[in-house]
1. Could you give each residue of region 78-91 its phi-based ³J(HN,Hα) in whole Hz, using Karplus coefficients 6.51, -1.76, 1.60 with θ = phi - 60°, and x for Gly or Pro?
2. Add +1 for every Lys or Arg and -1 for every Asp or Glu among the other residues with Cβ under 14 Å from the Cβ of residue 152, and state the total.
3. Over all directions, average the projected area of the Cα convex hull of region 8-52 and note it in nm².
4. Taking the Cα centre of region 44-88 as origin and charging only Cβ (+1 Lys, Arg; -1 Asp, Glu), how large is the dipole, in debye to the nearest 20?
5. Between 181, 156, 111, find the one with the highest GNM mean-square fluctuation for the chain; connect C-alpha pairs within less than 10 Å.
6. At 10 °C and 1.306 mPa s, grab the translational diffusion coefficient of region 1-91 from Stokes-Einstein with a Kirkwood Rh over Cα pairs, rounded to a whole number in µm² per second.
7. Can you give the charge dipole size of the chain about its Cα centre, rounded to the nearest 20 debye, using +1 on the beta carbon of Lys and Arg and -1 on the beta carbon of Asp and Glu?
8. Please give the contour-minus-distance gain from residue 135 to residue 94: 0.36 nm per residue of separation, less the Cα-Cα distance, rounded to one decimal in nm.
Amino acid sequence: MELTLEQELQNAFDEIEIAPDQRHSLTTILNMVKLADVPTYEHMIRCGLLGIKVAKFTHIVDPKALFYADLLHDAGKLLSDPASLKKTEGFGAEDMQEMKKHPVDGYRLLRGIHDFSARILLYHHKYVGEGYPEQIPQSCIDFSEGSAVNIRFYARIVGLIDFNDAMMHRENEKFGGVPTREQGREIMLKHNPDQSYFINQLYDNNIF
Ligand SMILES: [Fe+2]
Ligand SMILES: [Fe+2]
């Protein structure tokens, strides 16, 4: 029997040993998102689960850190206009402007609660296409140079996982419906040429 996303999430909590207070924090945020928009909630859980797989595959990112950042990456959508958030067709420039607020909103929502993830999610749309947000708010935490590099590095991976999951699971106009796996690979390569080797590795090894 196939597991529900919630069951898979519980298994992931056990697998990477998330402490009870942290499980409570993460599920509280996710449940708020679920109230706002179920597809976004499901997307965030899938991305979190995929974050663990990608981290284990690469051996160079911490599964727990990538899991948190992926699981929380769209939390800022809690503050998006529901009309834009739930729109599946006729998505216009104004809706796009509204949705472009979510990285900064997510950062503001989660700083002080999950600081490292908050900073990562701020950059999750920064490296594809035109990239946003244009203005990056000052960090309230004085991260070390190394942590600052890691934040951008994790954000690039979160961005790839996010892009791939959104493309493969959502009926949307942007990609003309859900593509096949090989079409998905091509779309990923086209929009993320800086990561072509990594994307091919993820596809060849059935991570994506
Ligand atoms: Fe996003
Ligand atoms: Fe997303």
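Quick note: the coordinates plus some simple rules give every number you see, no bench work behind them. Everything quoted here is computed from the prediction, not taken from an experiment. Neighbour counts run over all protein chains shown; Cβ positions are idealised from the backbone, glycine included.
1. Per-residue couplings from phi come out as 4, 9, 6, 4, x, 4, 6, 4, 8, 6, 10, 9, x, 6 Hz.
2. Local net charge: +1.
3. The directionally averaged projection comes out at 2.9 nm².
4. Dipole about the Cα centre, nearest 20: 160 debye.
5. Residue with maximal mean-square fluctuation among 181, 156, 111: 181.
6. The Stokes-Einstein estimate is 115 µm²/s.
7. The dipole of the chain has a size of about 240 debye.
8. Value of the extension gain: 12.9 nm.
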